[in-house]
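Nothing in this text is a laboratory measurement; each read-out follows from the coordinates by a stated rule. All values derive from a computational prediction rather than experimental measurement. Neighbour counts run over all protein chains shown; Cβ positions are idealised from the backbone, glycine included.
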């Protein structure tokens, strides 16, 4: 259920499609879908009648009582695609290197603000009883560990910087980033964890961003507040 107290802008932001979804929703693909739909409808109702219906728009469609339900549904879908095509043409979608760099920064920050399923319980043996750590439960399910069910990073809140082995944590976070951020080339990824930061932990991520036509290096720094677990990511390539 959506919290009524959450601002509308925040709700809309939470359900925005991923950058990949926006990249594949391109004009050439949409134009091809429109051409196929028009060809099918033209065979069904005739090119002349189809052109007249398109000219009259949705109002003309509502006024035509001779159309079958299937024809009406196909025309509504065609109108939706035509409107989307017109919107993209007018607005223009240009994914520049700057847009992609910022998208990766934002998605890395989102990744570090989610606690994954594969975690270790911070409890005493008495509190644990016979319960198993989620990490132990998932150990025999590698595909689940790499799936969106395990999206996120280890638990940081409530822990101290000296509780972590920087090298081991860096290896673990490198695998997390490689799994959930495919726009950074896997074999180029380098992750360094610094435990001396006053804010808690500082994680530096470097890798090759797969830009076209020329890939380029991207450096990000994520600071993690160990009191709250909140993470903030900034670019250091500027």
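So how do 44, 140 line up by other beta-carbon neighbours within 10 Å, fewest first?
Taking fewest neighbouring Cβ atoms as first place, the list is 140, 44.
R0 = 25 Å: FRET efficiency of residue 208 with residue 147, Cβ-based, nearest 0.05? Let's see the in-between values first.
Working: r = 25 Å, r/R0 = 0.99.
With a Förster radius of 25 Å, E is 0.50.
Modelled label-to-label distance, residue 192 and residue 98, 7 Å Cα→beta-carbon offset: nm?
Using points 7 Å along Cα→Cβ, the separation is 2.8 nm.
Under a crude label model (7 Å from the Cα following the beta-carbon direction), how far is residue 80 from residue 39 in nanometres?
In this crude label model, residue 80 to residue 39 measures out at 2.2 nm.
Compute the separation of the alpha-carbon centres of region 31-96 and region 159-182 and state it in Å as a whole number.
So the two Cα centres are separated by 50 Å.
In terms of the ratio Rg/(2.2 N^0.38 Å) built on C-alpha atoms, what value belongs to region 27-91?
1.09
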